[in-house]
Every structure is written in structure tokens, then in C-alpha cells.
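Some notes on the structure that comes next.
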Amino acid sequence: ATSSTDQKLSPPVKRVEELKCLLEKAPSEWIPGNVGGFAKRIVEFERWICDQPEDSIAIVGHSQFFKAMLEMAYKFNNCDVWEIKLDCTKVPGRNVEEEEKKDDTALVVEGKEEPESESDCSAQGEEFPLPRGWKGLKKLYKYEVSKE
């Protein structure tokens, strides 16, 4: 038997940031045809990712944001963990020459889903086109509620 002190621990998180652009949709953004502010927040978030010095970033956010950002037909389930990569050379408004020096940024995304899920996770694992440099969407962890 090994004690907990014998186990290798992950390095501590060096910084945590709360981004206003990653918040759940505002009430005004749910109005049909009023997507301008929400679309701007998506672009702001993608640019922010590309400006970070880390190669891997953990993101926690709302499923509607990720669904819209990735132009998906379904939402992530609550507490599931997904991995995705972003090619920053394909993000609008980026300096392509500088970005070519940097490899793809890997993200681990944990979705927070609204209670009424319209998820269709049967689509998980299927290859489908992702927008603006997003690629390699892969589910790493599925949260299942204990039925005890």
C-alpha cells in the first residue's frame, strides 16, 4: 500500500481568471436576431485564448456558450469534461506570422449546463466540421449521477 504522500501530485494552478466574455447569455441575447453582443464575446474569448502563454488551459463555462462558439447541434452535459484544440492562425484578427510559431493550444472544457438539456451526445465522437480553427473535440469524462 502507498500513502497519499507517495503519490505524484499535479503542479498547482498558477493563476485563475474570471472572464466576463465567458458568462452565460444575457437576457437580451436570447431575443431572436439579437446575437451581435454574444458573437462579439465569442470572438473576444477566442482571441483571449490565443494571447495566453500556456499550451493547455482549463475552461469552465456554460453549455450554451460552447454550443454557439463551436456551432454545434447539441450542448455539453453538466460536469462533463471535453478536450479541444484551437489553431490560432485561423482566429479572425490574429497576427498569423506570430501565431505560426506557437503550436495549437489545447483546452479542457468543463460545461455547465442548464437543467433542461437538449443534449444529443450520440453525436459525440463523430467528426464534424468545427469553425475558426477549432479541432479535435474529444470527451474525456462523463459525469453520471449515482442512483443510490
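Taken together, the values in this text are just the output of simple stated rules run on the coordinates, not laboratory data. Since the structure is predicted, the reported quantities are computational estimates derived from the model, not experimental observations.
Observations on the model:
- Global form of the range 20-98, assessed from the alpha-carbon gyration tensor, a/c cut-off 1.5: oblate
- Under Karplus coefficients 6.51, -1.76 and 1.60, residue-wise ³J(HN,Hα) of the range 129-140 in Hz, glycine/proline x: x, 10, x, 6, x, 6, 7, x, 5, 9, 7, 9
- Of Lys40/Lys147; Lys20/Lys139; Lys8/Lys90; Lys20/Lys135, those spanning more than 32 Å from alpha-carbon to alpha-carbon: Lys40/Lys147; Lys8/Lys90
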